[in-house]
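Undergrad: My questions all concern the structure below.
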Amino acid sequence: MEMPGERGKHAWRDDILARRNRLPTAQHDAEALALAETITTVLSGRVGSGRAPVVAAYVPVRGEPGDLRMLDALIRAGAEVLLPVTGEPGALSWAAYTGAAHLVRRRFGLREPDGPVLPPAALAGAGVVLIPALAVDRRGVRLGRGAGYYDRSLDLAAPGARLIAVVRDAELVPVLPEEPHDHRVGWALTPAAGLTRLAAAGGHS
């Protein structure tokens with residue numbers, strides 16, 4: 001995807017959302033399968049402590065890459081998976097993913113677990129955080145949808161947590177516009193390239 005880095009965030013969002021909307025269903029499904037097949041690479045170095053690794057993830061919606069097969073693959077690999085519970089603007093709460101049958105539609109039409117809700121501080125227990133994004137650049141700058149839920153939440157992640165933006169391969173770009181409140185990530189996960197280390201890690205691995 002050739003898009004100049006000086007463009008504003010709104011232009012980037014409009015362009016990427018339009019491209020996602022034009023993506024054929026078969027291609028989306030093929031990319032979702034590829035992500036499900038490679039998702040367990042995010043656990044590398046996170047297994048073997050005597051307890052199940054905790055992964056904070058999400059249910060992809062509205063053309064986002066991936067589907068529930070990613071979450072199910074993590075469960076089969078022995079991970080405990082937390083999903084966000086959206087409330088008023090601020091840091092996200094969390095709840096355990098226990099299968100598709102236990103997802104219900106809630107705020108903004110998002111599918112969220114029907115079990116007990118954990119406070120935002122529960123994110124500190126996750127060694128891996130999968131983050132939805134419209135794009136991410138090689139420095140670790142992530143472009144979200146603009147609501148700010150994740151920028152507020154990621155301040156609560158453990159210093160050693162692996163922060164991973166999940167995007168399509170064309171959405172891993174050289175440079176994105178950045179603002180002071182943006183929280184950089186250390187990794188990108190894409191269908192073809194898999195797990196890619198980015199320049200920025202901050203205090204995160």
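The values are calculated or read from the model by the stated rules, or taken from the named source; none is laboratory data. Keep in mind that what you see is a predicted model, and the values were worked out from it rather than measured. No Cβ is skipped: glycine too gets one built from the backbone with ideal geometry, and neighbour counts run over all protein chains shown. Protein only, heavy atoms only, side chains kept; ligands, DNA and RNA dropped before computing areas. Shrake-Rupley method; radii C 1.70, N 1.55, O 1.52, S 1.80 Å.
Undergrad: Can you give the FRET efficiency for Arg69 and Val175, using 1/(1 + (r/R0)^6), R0 = 30 Å, r = Cβ-Cβ distance, to the nearest 0.05? Each step should come with its number before you reach the end.
TA: Details: r = 32 Å, r/R0 = 1.06.
Calculated transfer efficiency: 0.40.
Undergrad: Here is a further query. For the stretch 112-128, in order, what is each residue's ³J(HN,Hα) by Karplus, 6.51 cos²θ - 1.76 cosθ + 1.60 with θ = phi - 60°, in whole Hz (x at glycine and Pro)?
TA: 10, x, 8, x, x, 8, 9, x, x, 5, 4, 4, 5, x, 8, x, 9
Undergrad: By how many degrees, between 0 and 90 and to the nearest 10, does the Cα long axis of helix 25-38 differ from the longest principal axis of the chain?
TA: Once rounded, the angle reads 50 degrees.
Undergrad: Something else about it: Evaluate the charge dipole of the chain about its Cα centre and quote only its size in Debye, nearest 20, assuming +1 on the Cβ of each Lys and Arg and -1 on the Cβ of each Asp and Glu.
TA: Details: 24 positive and 22 negative charges, 29 e Å.
Its charge dipole is roughly 140 debye.
Undergrad: Also, quick follow-up: Rounded to a whole number, what % of the accessible area of the chain do carbon and sulfur atoms account for, probe 1.4 Å? Please list the in-between numbers first.
TA: Values: 5020 of 9120 Å².
Summing carbon and sulfur atoms, their accessible area is 55 percent of the total for the chain.
Undergrad: For the stretch 22-123, which trypsin sites (Lys or Arg not before Pro) are both in a DSSP coil and crowded by at most 13 other Cβ atoms within 10 Å? Write down the numbers at each step before the final one.
TA: Working: sites: Arg22, Arg46, Arg51, Arg62, Arg69, Arg76, Arg105, Arg106, Arg107, Arg111; in loops: Arg46, Arg51, Arg62, Arg106.
Loop-located and lightly packed - Arg51, Arg62.
Undergrad: With springs connecting C-alpha atoms under 10 Å apart, model the chain as a Gaussian network and identify which of Pro180, Pro191, Pro113 has the largest mean-square fluctuation.
TA: Sorting by GNM fluctuation, first place goes to Pro180.
Undergrad: Packing-wise, with mean Cβ within 10 Å as the measure, how do 88-99, 10-21 rank, highest first?
TA: 88-99, 10-21
Undergrad: Follow-up question, since we're still on this one. How high is the relative contact order of the stretch 133-205, given as a whole-number percent (alpha carbon pairs under 8 Å, six or more residues apart)?
TA: Result for the stretch 133-205 is 40 percent.
Undergrad: Follow-up. For the chain, what relative contact order do you get, as a whole percent, if you take Cα pairs closer than 8 Å and at least 6 residues apart?
TA: Reported relative contact order: 21 percent.
Undergrad: Let me ask something additional. Does anything in the stretch 156-191 have its amide N under 14 Å from the 7 Å Cα→Cβ label point of Ala77, and if so which residues?
TA: Flagged as within label range: 162-166, 188-191.
Undergrad: Hey, can you grab everything whose amide H is under 5 Å from the amide H of Ser93? Only 5+ residues off in sequence or another chain; H modelled, so Pro and N-termini drop out.
TA: So Ser93 has HN proximity to Val85, Gly87.
Undergrad: Right, next: Measuring with a 1.4 Å probe in the full set of protein chains, what accessible area per residue, in whole Å², belongs to the chain?
TA: 45 Å²
Undergrad: While we're on this one: Need one number: % antiparallel among DSSP beta bridges in the stretch 119-195, to the nearest 5.
TA: Roughly 30 percent of the DSSP beta bridges within the stretch 119-195 come out antiparallel.
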